[in-house]
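Participant: Sharing a structure with you now.
The values are calculated or read from the model by the stated rules, or taken from the named source; none is laboratory data. Keep in mind that this is a model prediction, so the values were computed, not measured. Every residue, glycine as well, gets a Cβ built from its backbone with ideal geometry; the counts of neighbours run over all protein chains shown. Note: areas computed on protein heavy atoms with side chains; ligands, DNA, RNA excluded. Shrake-Rupley method; radii C 1.70, N 1.55, O 1.52, S 1.80 Å.
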Amino acid sequence: MKIKEIKDLLGAQLLCGEENLDHEVYSACCSDMMSDVLAYVKDQGVLLTGLVNPQVIRTASMMDMICIVFVRDKCPTEEMVELSRESGIVVLSSSLRAYEACGLLYHSGLRGSQGETHV
């Protein structure tokens, strides 16, 4: 699934990374605990979270994620957006709750791990 499809599907606002909207991603995860993302997440392209702090950007960058979706209308600070821009990470903000956003993405074929079939 292309990031621009995720943006449209979630009715999300693009905060940075327009140049990467055509990138394909094959899996996603959702967590507000960055320690869990570091410990358990492998090969995910998209992180959905309601946590708004710089650690989210740093964690996504360390895990080679290409897109962060802030749910529940959460918006990162300008410093976070700039850090994302420097890291080449697309940042989106959606009014949906995490459960709804994950359900929509899963139903549309975006799965939770690389081991699953890509649609």
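Participant: E19 passes all but one of (1) in contact (Cβ under 8 Å) with a residue 12 or more places away in the chain; (2) surrounded by fewer than 22 Cβ atoms within 10 Å (Cβ to Cβ); which number fails?
Facilitator: Going through the list (1) in contact (Cβ under 8 Å) with a residue 12 or more places away in the chain; (2) surrounded by fewer than 22 Cβ atoms within 10 Å (Cβ to Cβ), E19 breaks only (1).
Participant: Right, next: Looking only at region 1-49, which residues are part of a loop (DSSP other than H, G, I, E, B), of a type outside the set (A, V, I, L, M), more than 10 Å from the chain's Cα centre (by Cα) and closer than 17 Å to R85 by Cα?
Facilitator: Result: G17, D22, H23.
Participant: Related question: Determine, yes or no, whether I68 is in a strand (DSSP E or B) and either within 12 Å of the chain's Cα centre (by Cα) or at positive phi (or both).
Facilitator: Values: in a strand (DSSP E or B): yes; either within 12 Å of the chain's Cα centre (by Cα) or at positive phi (or both): yes.
Against the criterion (in a strand (DSSP E or B) and either within 12 Å of the chain's Cα centre (by Cα) or at positive phi (or both)), I68 qualifies.
Participant: L48 is checked against (1) surrounded by 17 or more Cβ atoms within 10 Å (Cβ to Cβ); (2) touching a residue at least 40 places away in the same chain (Cβ under 8 Å); (3) over 18 Å from L110 (Cβ atoms) and fails just one. What number does that condition carry?
Facilitator: Every listed condition holds for L48 apart from (3).
Participant: Can you confirm whether region 73-94 contains a residue that is open to solvent by 70 Å² or more (accessible area, probe 1.4 Å), at positive phi, at pLDDT 95 or above and of a type in the set (D, E, K, R)?
Facilitator: Yes, region 73-94 has at least one match.
Participant: On to the next question. Within region 35-59, track down each residue that is among the aliphatic types (A, V, I, L, M) and at pLDDT 95 or above.
Facilitator: Taking region 35-59 and keeping what is among the aliphatic types (A, V, I, L, M), we get 37-39, 41, 46-48, 51-52, 56-57.
Hits for region 35-59 are V46, L47, L48, L51, V52, V56, I57.
Participant: Something else now. Would you mind telling me which numbered condition in (1) more than 11 Å from the chain's Cα centre (by Cα); (2) surrounded by 13 or more Cβ atoms within 10 Å (Cβ to Cβ) C102 fails?
Facilitator: (1)
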